[in-house]
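Novice: Sharing a structure, written as structure tokens. Questions coming.
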Amino acid sequence: MIKNKVYLDTYILQQDMRVRLPKSVLSNLQIEKGKTYFDIYLDSDNKSLIFKVHEDGNER
């Protein structure tokens with residue numbers, strides 16, 4: 001389990017499969033809307049998704 005978890009908010013999965021991120025993500029991470037990429041991991045044991053800021057210059 002992740003030790004440094006911070007609860008931000010709860011959102012519904014949109015019909016087109018989008019997930020909205022809370023605005024507080026902007027103030028807690030150094031990211032920019034429309035520019036930052038995330039690596040997405042599945043932890044199937046805990047039924048969790050993990051969004052990690054992509055480190056490679058924010059390029060795919």
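Novice: Looking at LEU8, is it in contact with a Leu (Cβ under 9 Å, 6 or more places away or on another chain), hydrophobic (A, V, I, L, M, F, W, C) and in a loop (DSSP other than H, G, I, E, B)? Lay out the reasoning, then the answer.
Specialist: Numbers: in contact with a Leu (Cβ under 9 Å, 6 or more places away or on another chain): yes; hydrophobic (A, V, I, L, M, F, W, C): yes; in a loop (DSSP other than H, G, I, E, B): yes.
It is true that LEU8 is in contact with a Leu (Cβ under 9 Å, 6 or more places away or on another chain), hydrophobic (A, V, I, L, M, F, W, C) and in a loop (DSSP other than H, G, I, E, B).
Novice: So the check is Cβ under 6 Å with 6+ separation or different chains; which pairs have a first residue in the stretch 8-34 that's among the hydrophobic types (A, V, I, L, M, F, W, C) and a second one that's not in a loop (DSSP other than H, G, I, E, B)?
Specialist: LEU8/SER24
Novice: Ok, one more. Looking at the stretch 16-60, which of its residues are among the acidic types (Asp, Glu), loosely packed, with under 11 Cβ neighbours inside 10 Å and touching a strand residue (DSSP E or B) at 6+ places or on another chain (Cβ under 9 Å)?
Specialist: The answer is GLU55, and nothing else.
Computed from the coordinates by the stated procedures, all read-outs in this text should not be read as laboratory data. Treat the numbers as computed from the prediction; the structure is a model and nothing was measured. Here the Cβ is made from the backbone with ideal geometry for all residues, glycine too, and neighbour counts use every protein chain on show.
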